[in-house]
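Enquirer: Here it is: the structure, laid out below.
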Amino acid sequence: RNIFKVKKSNAEKSKKMEKEEKIFREMFMYDKEINVINTATAECSIPSKRSVDLPITAGEQLDVIDVTEGNAVICRNSGGRFGYVLVEHLNFR
């Protein structure tokens, strides 16, 4: 019985991840392949001020997807949501 629940939750999570990726691609006009180039840990909790910013929680693990010309990187959180995060709020150790 529990096997079906696990499969269902994985399918739901996968569907949510696909939806988040679609939203990200449309909002950021991002047509490159999504590759994780690094991982980082958020040093502090920061709410998002704009819709393109990723809200982060202290200690949260983030996948770095792309670098920008400024001091921000595009990250993805464990929930599959994408957004900009300032490099000064991340620890790359």
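The values are calculated or read from the model by the stated rules, or taken from the named source; none is laboratory data. These figures come from a predicted structure and were not determined experimentally. Surface accessibility is based on the protein's heavy atoms, side chains included, excluding ligands, DNA and RNA. Shrake-Rupley method; radii C 1.70, N 1.55, O 1.52, S 1.80 Å.
Enquirer: Take segment 22-34 and flag every residue that is open to solvent by less than 40 Å² (accessible area, probe 1.4 Å) and either of a type in the set (Val, Ile, Thr) or at positive phi (or both). Walk me through it before giving the result.
Expert: Start the filter on segment 22-34 by keeping residues that are open to solvent by less than 40 Å² (accessible area, probe 1.4 Å), which leaves 24, 28, 30, 34.
If the condition is that a residue be open to solvent by less than 40 Å² (accessible area, probe 1.4 Å) and either of a type in the set (Val, Ile, Thr) or at positive phi (or both), then ILE34 is the only one that fits.
Enquirer: Hey, can you tell me all the residues within segment 35-58 that are outside any loop (DSSP other than H, G, I, E, B) and open to solvent by 50 Å² or more (accessible area, probe 1.4 Å)? Working first, answer last.
Expert: Residues of segment 35-58 outside any loop (DSSP other than H, G, I, E, B): 38-42, 46, 53, 56.
Across segment 35-58, the qualifying residues are ASN38, THR39, ILE46.
Enquirer: Can you find a residue that is closer than 23 Å to LYS13 by Cα and among the acidic types (Asp, Glu) anywhere in segment 29-46?
Expert: Within segment 29-46 (the criterion being closer than 23 Å to LYS13 by Cα and among the acidic types (Asp, Glu)), the answer is yes, since at least one residue qualifies.
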